Amino acid sequence: MLAQTVLPHASGLASAMAVRWLKVTDFRCYAQARMDLDGRPVVLTGENGAGKTNLLEALSFLAPGRGLRWARLSEVTRIGGGASVWSVAASLSSQQAGGVPTRISTGLLAGTAAERRTVRIGGETQSSSAALAQFLSVIWLTPDMDRLFAEGATARRGFFDRVTQGFDAGHGKRLNAYERARQERSRLLREELSGHRADPSWLDALEAAMAEHGVAIAASRCEALQRISRALEANSGPFPHALLALDGLLEDMLASTPAVDVEDNYRAILAAARRRDREAGRALEGPHRSDLLVWHGETRMPAGDCSTGQQKALLISIVLANAWLLAEGGAAPLLLLDEVVAHLDAKRRTALYDFICQLGAQAWMTGTDKSLFEAMGARAQYFTVTHGAVRDAAA
Ligand SMILES: Nc1ncnc2c1ncn2[C@@H]1O[C@H](COP(=O)(O)OP(=O)(O)OP(=O)(O)O)[C@@H](O)[C@H]1O
Ligand SMILES: [Mg+2]
């Protein structure tokens, strides 16, 4: 079984964080909803359009960023509610006896900038949502991700950066710092097209920042890739073995060159590419162009050429390997699995449920049909979702 094979050290994972209560206000279809949880995995069932994914999205705001739909923050506000604000609040505590609950709240508050959410952890207002990464990992798998291998590199890179952030809480901050320098350099170069010559020393400084942060970003991704690959190798359960690689200028250079030299090389590459990047209006090379490559371990087929079901199974493998590694490191994530089990046969569903329980993570699973969760039995807490309301349902 996957759970037995992949989790040799699972007994020490009882420190997983779990949501004890969740409150959402003016969020998507919810005027106000509250759930009280006992720490077990959670099953949400309800008709199409009932509000299941919306609850997972609310939970995804307990991680840095724009949530699992990558929505604009103002889009999340309940339409027809008359307010322009929304909030998600949760109390989290570790599964260990005596774990002290911490309250996290986030949302758009009246009078704050439209695309900036407020984050409070334990009553303290944080300067950015990045602080959430220090406290909790949230991993999600949604139907939107079914096309991850068939689409462009941006979504795959974003997915793998979230994986990397789970192992390296500073990764998100470095990505932001790199992006700021990159965009400022692009702006200066574009201005040169209209005859405004940029200060070369300012360009030097921006390129130095891009090189410094870029190399750290690529190194973190390489480290995360090695970890995930090792975890995937240990998995001989019912989900396929995924082979992963990173395709990127700096990631490639780091395989054979010390990081300090890669930093110097990239700075020189950027300086030499000013004319070309000016024409293009942006930097054509760097970690913002990297891609995650995935193959099916048994067939060696690129993931993009695998069947829909195989692609889903590869994605589940990667997500479970990620969850296992975080749990093994003492920080089991919240796992948000939206409509995942409907695609699995009975054997794989059972393996997934056993895995989740052994992991000790609070997994949140959705489906339209409660019978799909029978093998989970009393190991989960069940809720029924109807339009704008969520209520306890007996197992
Ligand atoms: N900002 C908003 N304000 C009010 N309602 C919204 C908002 N955004 C989305 N909705 C509505 O929320 C409802 C529930 O959406 P959700 O995606 O959570 O459903 P679901 O239960 O996951 O359905 P499915 O089983 O089809 O995936 C939808 O009818 C959608 O139109
Ligand atoms: Mg849904």
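What number of residues in the stretch 12-49 are among the hydrophobic types (A, V, I, L, M, F, W, C) and either at pLDDT below 95 or within 16 Å of ligand 2 (Cβ to nearest atom) (or both)?
Kept after step one, since they are among the hydrophobic types (A, V, I, L, M, F, W, C), are these residues of the stretch 12-49: 13-14, 16-19, 21-22, 24, 27, 29, 31, 33, 35, 37, 42-44.
Keeping just the survivors that are either at pLDDT below 95 or within 16 Å of ligand 2 (Cβ to nearest atom) (or both) gives 13-14, 16-18, 24, 27, 29, 33, 42-44.
Total meeting the criteria: 12.
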Selection status of Ser236, modelled with pLDDT of 95 or more, in the same structural domain as Arg282 (by TED's automatic domain parsing) and small (Gly, Ala, Ser): no
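From the list Ala169, Ala150, Ala198, exactly one residue is touching a helix residue (DSSP H, G or I) at 6+ places or on another chain (Cβ under 8 Å) and free of Cβ contacts under 8 Å to residues at least 24 places away in the same chain. Which is it? So that I can check it myself, show each step before the final result.
Working: Ala169 fails: free of Cβ contacts under 8 Å to residues at least 24 places away in the same chain; Ala150 fails: free of Cβ contacts under 8 Å to residues at least 24 places away in the same chain.
Residue meeting the stated conditions: Ala198.
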Determine which member of the set Thr299, Thr368, Thr350 is within 16 Å of ligand 2 (Cβ to nearest atom), surrounded by fewer than 22 Cβ atoms within 10 Å (Cβ to Cβ) and among the β-branched types (Val, Ile, Thr). Thr368
Subset of the stretch 45-63, residues under 29 Å from Arg116 (Cα atoms) and either within 11 Å of ligand 1 (Cβ to nearest atom) or surrounded by fewer than 21 Cβ atoms within 10 Å (Cβ to Cβ) (or both), comes to Gly49, Ala50, Gly51, Lys52, Thr53, Asn54, Leu55, Leu56, Glu57, Ala58
Restrict the check to the stretch 224-231 and report whether at least one residue is at negative phi, of a type in the set (Lys, Arg), surrounded by fewer than 21 Cβ atoms within 10 Å (Cβ to Cβ) and in a helix (DSSP H, G or I). yes
State yes or no: is Arg156 more than 22 Å from the chain's Cα centre (by Cα) and buried (at least 18 other Cβ atoms within 10 Å of the Cβ)? no
Only one of Arg103, Arg78, Arg66 that is surrounded by 14 or more Cβ atoms within 10 Å (Cβ to Cβ), at pLDDT below 95 and not aliphatic (A, V, I, L, M): Arg66
Could you tell me which residue of the stretch 274-295 is farthest from Met365 (Cα to Cα), considering only residues that are part of a loop (DSSP other than H, G, I, E, B) and in contact (Cβ under 8 Å) with a residue 24 or more places away in the chain? Gly281
Would the stretch 44-53 turn up any residue that is within 22 Å of Ala363 (Cα to Cα) and part of a strand (DSSP E or B)? yes
When the residues of the stretch 182-194 are filtered to those that are part of a helix (DSSP H, G or I) and more than 10 Å from Ala283 (Cβ to Cβ), which remaining residue is nearest to the chain's Cα centre (by Cα)? Glu184
Leu92 - would you say it is under 20 Å from Asn322 (Cβ atoms), of a type in the set (A, V, I, L, M, F, W, C) and out of contact with any Pro (no Cβ under 6 Å at 6 or more places or on another chain)? yes
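For (1) surrounded by fewer than 16 Cβ atoms within 10 Å (Cβ to Cβ); (2) under 23 Å from the mean Cα position of the chain (by Cα); (3) closer than 30 Å to Arg348 by Cα, each residue gets a yes or a no:
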| position | (1), (2), (3) |
| --- | --- |
| His213 | no, yes, no |
| Ala216 | no, yes, no |
| Glu279 | yes, no, no |
| Asp305 | yes, no, yes |
| Gln311 | no, yes, yes |
Got at least one residue in the stretch 288-295 being out of contact with any strand residue (DSSP E or B) (no Cβ under 7 Å at 6 or more places or on another chain), surrounded by fewer than 21 Cβ atoms within 10 Å (Cβ to Cβ), in the same structural domain as Leu175 (by TED's automatic domain parsing) and more than 26 Å from Ile139 (Cα to Cα)? no
Consider only pairs whose beta carbons are under 6 Å apart and that are at least six residues apart or on different chains; among these, list those whose first residue lies in the stretch 43-62 and is touching a residue at least 40 places away in the same chain (Cβ under 8 Å) and assigned by TED's automatic domain parsing to the domain that holds Ile104 and whose second residue is near ligand 2 (Cβ under 10 Å from one of its atoms) and of a type in the set (S, T, N, Q). Leu44/Thr366; Lys52/Thr366
Inspect the stretch 337-345 for any residue being at pLDDT below 95, assigned by TED's automatic domain parsing to the domain that holds Leu254 and over 17 Å from the mean Cα position of the chain (by Cα) and give the result as yes or no. no
In the stretch 124-146, the residues that are closer than 16 Å to Leu59 by Cα and within 16 Å of ligand 1 (Cβ to nearest atom): Trp140, Leu141, Thr142
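With Ala389, Ala313, Ala363, Ala393 as the choices, which residue is more than 20 Å from Ala58 (Cβ to Cβ) and aliphatic (A, V, I, L, M)? Give the derivation first.
Values: Ala389 fails: more than 20 Å from Ala58 (Cβ to Cβ); Ala363 fails: more than 20 Å from Ala58 (Cβ to Cβ); Ala393 fails: more than 20 Å from Ala58 (Cβ to Cβ).
Step by step, each of Ala389, Ala313, Ala363, Ala393 is checked, and only Ala313 is more than 20 Å from Ala58 (Cβ to Cβ) and aliphatic (A, V, I, L, M).
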Taking the conditions exactly as written (closer than 22 Å to Ala323 by Cβ and either touching a residue at least 12 places away in the same chain (Cβ under 8 Å) or surrounded by 11 or more Cβ atoms within 10 Å (Cβ to Cβ) (or both)), does Gln126 satisfy them or not? no
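The values are calculated or read from the model by the stated rules, or taken from the named source; none is laboratory data. Here the structure is a predicted model, which means the values were calculated and not measured. For neighbour counting, all protein chains shown are included, and Cβ atoms are generated from backbone atoms with ideal geometry for every residue, glycine included.
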